[in-house]
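Written out below as structure tokens is the structure these notes cover.
The values are calculated or read from the model by the stated rules, or taken from the named source; none is laboratory data. No experiment lies behind these values; they were computed from the predicted model shown. Neighbour counts are summed over all protein chains in view; Cβ atoms, including those assigned to glycine, are modelled from backbone coordinates with ideal geometry.
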Amino acid sequence: MTDYNYAPEQVEIREAALKFAKNEMLPRAGEFDQKQELPLEILTKAWELGLVNTCIPTEYGGAGFSTLDAVIISESLAYGCMGMNTAIMANDLALLPIALFGSDEQKKRFLTPFTESYKIASFCLTEPEQGSDAASIKTTLKKDGDDYILNGQKMWITNAGYADLFVVYATIDPSLKHKGITACVVEKGTKGIEIGKAEHKMGHRCSDTRAMNFNNVRIPAENILMKAGSGWEIAKKTLDHSRPLVAASALGGAQCAFDHAIKYAKERKQFGKPLAKHQAIQFMLADMAIKLENSRNLVHKAAWLLDEGKENTKIASFAKAYAADSCMEITTDAVQIFGGYGYSVEYPVEKLMRDAKLIQIYEGTSQIQRLIIAREILN
Amino acid sequence: MSKILVFSELAGEHVKTVTMEILGKMDGLHADVAVVGDLPQAALDDLAKYGAQNIHCLKGDNLEKYSPEGYAAALKTLIDEHGYDYVFAGSTSMGKDLLPRVAGMCDAGMATEVTNFTMDGGTFAGTRPFFAGKCLAKVEVQGPKPHFVTVRPNALGLNDSTTAGAGTKSEVAVSTGDLKAIIKEIVKGASNKLDLTEANIIVSGGRALKSAENFKILDEMANVLGATVGASRAAVDSGYATHDMQVGQTGKTVAPTLYIACGISGAIQHLAGMRTSKVIVAINTDPDAPIFTKADYGIVGDLFQIVPLLTEEFKKVL
Amino acid sequence: MNIFVCVKQVPDTETKVVPTGDGSYIETNSIKWILNPYDEFAVEQALQVKAANSGSTITVVRVGGVKDTEALRTAMAMGADEAILIEAGDNVDSYMTAKAIKGAIEKSGKNPDLILTGKQAIDDDCLQVPQLLAQMLGMPSVSVVVGFEQDGDGYVLKREIEGGTIEVYSANSPAVVACNKGLNTPRYPSLPGIIKAKRKPMEKWTLSDVGVADSDRRVNYSNFQLPPEKPPGKKFEAMDEGVQASVVSEVVNLLRTEAKVI
């Protein structure tokens with residue numbers, strides 16, 4: 001039977017990350033949400049403490065965290081702010097393809113600098129016309145001598161305005177469908193990169209989200225990950241790793257909303273007794289607690305399977321769909337428990353509800369997760 | 001019968017009130033007082049009134065300014081000469097720093113910052129707070145004598161029915177030896193008010209004050225009341241107030257007769273630091289703020305409206 | 001330099017304290033233990049002194065229960081080099097603690113150049129160990145320190161007293177310095193620091209290993225109990241501007257006639 005205890009160093013990692021989240025992120029989450037500004041100072045501090053780029057192996061300067069360690073960190077940071085954690089996770093999403101599939105030379109060249117100073121990375125898959133249907137992307141990579149030429153448009157790219165490095169998915173031939181998809185590394189400042197203006201969003205407003213254009217961007221062959229045509233496999237495996245992280249982020253946000261709701265329910269009195277003494281509220285709190293525990297167990301199992309070297313696609317989708325949907329429900333109920341105050345920006349829960357919505361959408365919508373699950377269980 | 005020495009500090013022409021509070025509790029026991037340096041007549045009268053028998057003025061080199069080593073050596077000389085069973089002091093900055101050092105010299109035990117005590121049969125038994133007042137415990141000292149005790153200012157109160165003592169003043173020449181740490185400069189604090197730990201009235205502000213400038217409305221009320229201004233940890237962490245103003249478990253534990261909490265919600269760690277205040281007034285917009293559970297008088301209202309009105313009202317009656 | 005930092009492990013400040021049935025102490029089963037907040041300033045100061053004096057070693061010493069070694073691990077994750085745990089119950093008094101630390105320092109074989117502590121532990125709030133330890137070791141001590149500078153072979157230390165007044169001390173080395181909030185901003189333990197801390201050496205000694213016996217007890221604590229609850233006070237509704245003046249006047253009147261505090 002599985003041991004449900006964290007290892008002693010995981011307890012400490014969790015405490016350190018949570019302390020940072022509560023002291024440095026949480027008190028300023030509302031401010032950066034309103035300003036719609038990337039909190040570079042906080043992110044740099046998080047990097048200094050080793051909370052960013054958890055996927056980089058020790059050989060290339062990383063801390064060598066397990067996936068379970070990484071989800072513990074992701075949950076803790078999301079407790080402070082889901083939006084800031086999006087900016088942090090986007091680095092992992094972009095660096096994971098390199099960490100998992102890059103050559104030794106590519107890892108040294110691209111990963112090690114991220115361990116030497118705080119740098120930002122972007123994962124570029126989605127396009128204006130292709131969201132969930134990622135196999136039919138239109139961005140093209142055409143061979144030109146020893147190089148490739150990249151052309152196309154990308155949409156909703158997290159960190160785009162600040163990134164030092166982009167991992168871009170493109171096709172060498174749209175007619176090959178997913179067999180033509182290729183992942184390449186594009187460095188900041190390469191000629192032909194055009195970055196759009198920051199999007200105004202409902203939630204995760206402190207994270208930077210933009211459209212991008214690639215106009216005849218020249219990519220040297222040594223920047224192609226694995227070989228041309230292996231991008232689909234890279235993306236799939238990357239998402240197996242990143243979905244537990246994203247699910248953990250939903251969990252952290254939900255836990256934060258739950259803690260606010262519990263505190264408020266104990267303090268706020270109506271009809272002569274605290275909200276927490278009213279059965280209607282007790283039922284809501286109990287349901288929130290069940291969802292949190294289930295989310296956490298799924299997140300941990302999805303991460304543990306990877307650490308055991310086992311296939312986790314189905315469980316990772318369970319975790320992503322369940323934790324994201326639960327986060328939406330829990331944050332919505334937290335607003336409900338706060339009543340009128342919950343709807344006011346003076347109180348922290350409405351932001352959590354806005355932030356929750358995005359987690360049901362990005363990195364595979366809750367519906368796509370169910371399609372993956374159906375495919376897995378029907379196969 | 002137990003022989004008791006009370007170490008006392010001067011505050012202007014008088015000794016600090018805590019000395020009289022301690023003497024008042026010694027009714028009927030032989031209690032002497034030690035001070036460093038000269039003692040003004042007014043202070044001497046106070047001490048005699050509250051029951052002091054012999055008053056020793058310690059004099060010698062290296063005693064112009066406080067130093068833990070110098071003052072400790074001086075007290076040790078006096079203790080050795082008279083064979084005291086107990087040495088008391090107020091739990092002031094100096095008392096807290098000095099007494100453990102003297103206790104160490106005597107290989108003796110010490111009870112810190114008691115809020116009440118008895119001397120039944122000449123034996124000390126005290127009550128003292130733990131976890132900044134979240135709970136209380138009984139404290140007893142054993143082993144070599146004398147036993148040392150510091151007492152929290154304002155906790156005992158002044159005992160009116162004390163029998164007067166002889167109040168005989170004498171000078172005691174002491175030698176301190178070389179000092180390894182000395183004061184080379186004293187920088188006066190901006191405030192000429194009593195310290196929070198000694199203040200009779202405290203006006204305290206929380207995060208709801210919204211800025212350091214807004215603390216001036218508390219200053220105005222404090223000036224009318226002769227109060228000291230304190231702050232919650234939230235206000236200190238937000239930079240509205242300095243740390244020496246912080247009341248609570250990681251700040252100062254206070255016991256004034258009147259504590260006025262303005263815009264403080266009442267986190268556990270704040271309540272721990274001020275719950276033993278005799279009378280608590282709380283002002284908060286949130287009717288369910290935990291501070292109201294500890295308040296004798298709660299005003300549900302906006303501090304920016306209530307505090308100026310209170311200040312005006314206090315002006316009228318004081 | 002050999003820098004020693006004395007730390008204590010205390011219940012988190014948010015802990016709800018519940019005395020045990022027999023009043024011998026408090027329930028400790030579900031307590032979250034933390035490094036005493038004032039000790040964080042001591043650890044940070046040690047790290048800054050070490051940074052300014054290459055080749056220095058920071059040894060953290062703790063006397064207390066062994067269930068959990070949170071405080072020592074936190075200090076090492078922040079950057080301290082090694083740790084000594086003197087295994088004792090939760091029930092040792094200040095005198096035994098100071099004597100145990102003295103014994104541990106001597107047993108370590110290192111001559112201390114500087115001993116840092118927090119100004120007090122937030123569980124028993126005794127404020128005795130720094131001064132007792134200094135006396136036992138024949139060193140000067142300065143407590144409630146909010147400013148620290150090295151000055152040749154010694155230290156210039158700012159001690160905060162009543163009313164925010166500062167006493168500036170010149171102290172010889174070695175000295176015991178008890179640190180207060182405001183002295184510095186303690187760093188967070190970094191995640192690589194946490195991983196590295198696992199491999200740092202931790203000595204575990206008993207009280208008798210460091211020369212402390214039961215007969216060294218000087219203080220007994222008993223009858224732990226919650227403070228008496230106050231009866232509920234009077235609450236006045238004054239959100240409405242129309243009633244504010246009368247509420248304020250009534251409260252001031254009550255303070256004079258009922259509570260008699262002004």
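Listing for the model above:
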read-out	value
Matching strands (runs of 3 or more DSSP E) fully within the range B:199-318 where at least 2 residues are more than 10 Å from every other protein chain (Cβ to nearest Cβ) and crowded, with 21+ Cβ neighbours inside 10 Å	B:201-205, B:228-231, B:258-262
Any hit, the range B:16-31, residues being touching a residue at least 60 places away in the same chain (Cβ under 8 Å), within 21 Å of B:THR118 (Cα to Cα) and either hydroxyl-bearing (Ser, Thr, Tyr) or outside the structural domain of B:PHE148 (by TED's automatic domain parsing) (or both)	yes
Test for B:ALA74: is it over 23 Å from B:PHE117 (Cβ atoms) and either outside the structural domain of B:ALA34 (by TED's automatic domain parsing) or crowded, with 22+ Cβ neighbours inside 10 Å (or both)	yes
Test result for A:GLY83, of a type in the set (Gly, Ala, Ser), buried (at least 22 other Cβ atoms within 10 Å of the Cβ) and assigned to a loop (DSSP other than H, G, I, E, B)	no
Number of positions in the range B:22-73 that are more than 19 Å from B:VAL172 (Cα to Cα), in contact with an Asp or Glu (Cβ under 9 Å, 6 or more places away or on another chain) and part of a loop (DSSP other than H, G, I, E, B)	2
Pairs where the first residue, in the range B:227-252, is under 24 Å from B:LEU310 (Cβ atoms) and the second is assigned to a strand (DSSP E or B) and among the basic types (Lys, Arg), C-beta under 7 Å, 6+ apart	B:GLN246/B:LYS252
Criterion (within 24 Å of B:VAL102 (Cβ to Cβ), within 11 Å of chain B (Cβ to nearest Cβ) and touching a residue at least 60 places away in the same chain (Cβ under 8 Å)) met by exactly one of C:ALA121, C:ALA171, C:ALA134	C:ALA121
Looking only at the range C:63-100, and only at residues there that are at pLDDT below 90 and acidic (Asp, Glu), the one that is surrounded by the most Cβ atoms within 10 Å (Cβ to Cβ)	C:GLU70
Test: residue in the range B:181-188 that is more than 10 Å from chain C (Cβ to nearest Cβ), of a type outside the set (Phe, Trp, Tyr) and part of a strand (DSSP E or B)	no
Yes/no for C:ARG256 being basic (Lys, Arg), under 27 Å from C:THR117 (Cβ atoms) and either at the interface with another protein chain (Cβ under 9 Å from one of its Cβ atoms) or free of Cβ contacts under 8 Å to residues at least 12 places away in the same chain (or both)	no
Condition check for A:SER175: in a helix (DSSP H, G or I) and within 20 Å of the chain's Cα centre (by Cα)	no
Set C:ALA245, C:ALA259: member being assigned to a loop (DSSP other than H, G, I, E, B), over 29 Å from A:ALA21 (Cα atoms) and in contact with an Asp or Glu (Cβ under 9 Å, 6 or more places away or on another chain)	C:ALA259
Segments classed as helices (runs of 4 or more DSSP H), wholly inside the range A:279-379, with at least 2 members that are of a type in the set (S, T, N, Q) and in contact with a helix residue (DSSP H, G or I) (Cβ under 6 Å, 6 or more places away or on another chain)	A:313-338, A:366-378
For C:GLU40: the one exception among (1) crowded, with 21+ Cβ neighbours inside 10 Å; (2) acidic (Asp, Glu); (3) more than 14 Å from chain B (Cβ to nearest Cβ)	(3)
Scan of the range A:259-275 for residues that are of a type outside the set (Lys, Arg) and assigned to a loop (DSSP other than H, G, I, E, B), ordered by number	A:PHE271, A:GLY272
Residue match in the range C:50-58 (condition: on the phi > 0 side of the Ramachandran plot and without any contact (Cβ under 8 Å) to a residue 60 or more places away in the chain)	yes
Selection within the range C:74-90 - closer than 22 Å to C:LEU114 by Cβ and out of contact with any Ser or Thr (no Cβ under 6 Å at 6 or more places or on another chain)	C:THR74, C:ALA75, C:MET76, C:ALA77, C:MET78, C:GLY79, C:ALA80, C:ALA83, C:ILE84, C:LEU85, C:ILE86
Considering residues of the range C:137-158 that are under 16 Å from the mean Cα position of the chain (by Cα) and at the interface with another protein chain (Cβ under 9 Å from one of its Cβ atoms) only, the residue surrounded by the fewest Cβ atoms within 10 Å (Cβ to Cβ)	C:VAL146
Odd one out for B:ALA132 among (1) modelled with pLDDT of 95 or more; (2) within 11 Å of another protein chain (Cβ to nearest Cβ); (3) in a helix (DSSP H, G or I)	(1)
Per-region count, the range C:50-59, residues crowded, with 21+ Cβ neighbours inside 10 Å and either under 17 Å from the mean Cα position of the chain (by Cα) or not in a strand (DSSP E or B) (or both)	1
Among the residues listed as A:TYR169, A:TYR162, the single one being assigned to a strand (DSSP E or B), in contact (Cβ under 8 Å) with a residue 12 or more places away in the chain and hydroxyl-bearing (Ser, Thr, Tyr)	A:TYR169
Filter pass, C:ASN184 being in contact (Cβ under 8 Å) with a residue 12 or more places away in the chain and within 8 Å of another protein chain (Cβ to nearest Cβ)	no
Test: residue in the range C:15-28 that is within 26 Å of C:GLU203 (Cβ to Cβ), among the small types (Gly, Ala, Ser) and touching a residue at least 40 places away in the same chain (Cβ under 8 Å)	no
Any chance B:ASP302 is touching a strand residue (DSSP E or B) at 6+ places or on another chain (Cβ under 8 Å), over 30 Å from C:ALA121 (Cα atoms) and of a type in the set (Asp, Glu)	no
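Residues checked against (1) within 23 Å of C:LYS235 (Cα to Cα); (2) touching a Ser or Thr at 6+ places or on another chain (Cβ under 8 Å); (3) modelled with pLDDT of 95 or more:
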site: B:LYS188; (1), (2), (3): no, yes, no
site: B:LYS193; (1), (2), (3): no, yes, no
site: B:THR197; (1), (2), (3): no, yes, no
site: B:SER204; (1), (2), (3): yes, yes, yes
site: B:ILE217; (1), (2), (3): yes, yes, yes
site: B:ALA231; (1), (2), (3): yes, yes, yes
site: B:ALA241; (1), (2), (3): no, no, no
site: B:GLY248; (1), (2), (3): no, yes, no
site: B:CYS262; (1), (2), (3): yes, yes, yes
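Yes/no per residue for (1) more than 24 Å from A:ASN5 (Cβ to Cβ); (2) at pLDDT 95 or above; (3) over 20 Å from the mean Cα position of the chain (by Cα); (4) of a type in the set (D, E, K, R):
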{"residue": "A:PHE271", "(1), (2), (3), (4)": "yes, no, yes, no"}
{"residue": "A:ALA286", "(1), (2), (3), (4)": "yes, yes, yes, no"}
{"residue": "A:ALA289", "(1), (2), (3), (4)": "no, yes, yes, no"}
{"residue": "A:ARG296", "(1), (2), (3), (4)": "no, yes, no, yes"}
{"residue": "A:LEU305", "(1), (2), (3), (4)": "no, yes, no, no"}
{"residue": "A:ASP325", "(1), (2), (3), (4)": "yes, yes, no, yes"}
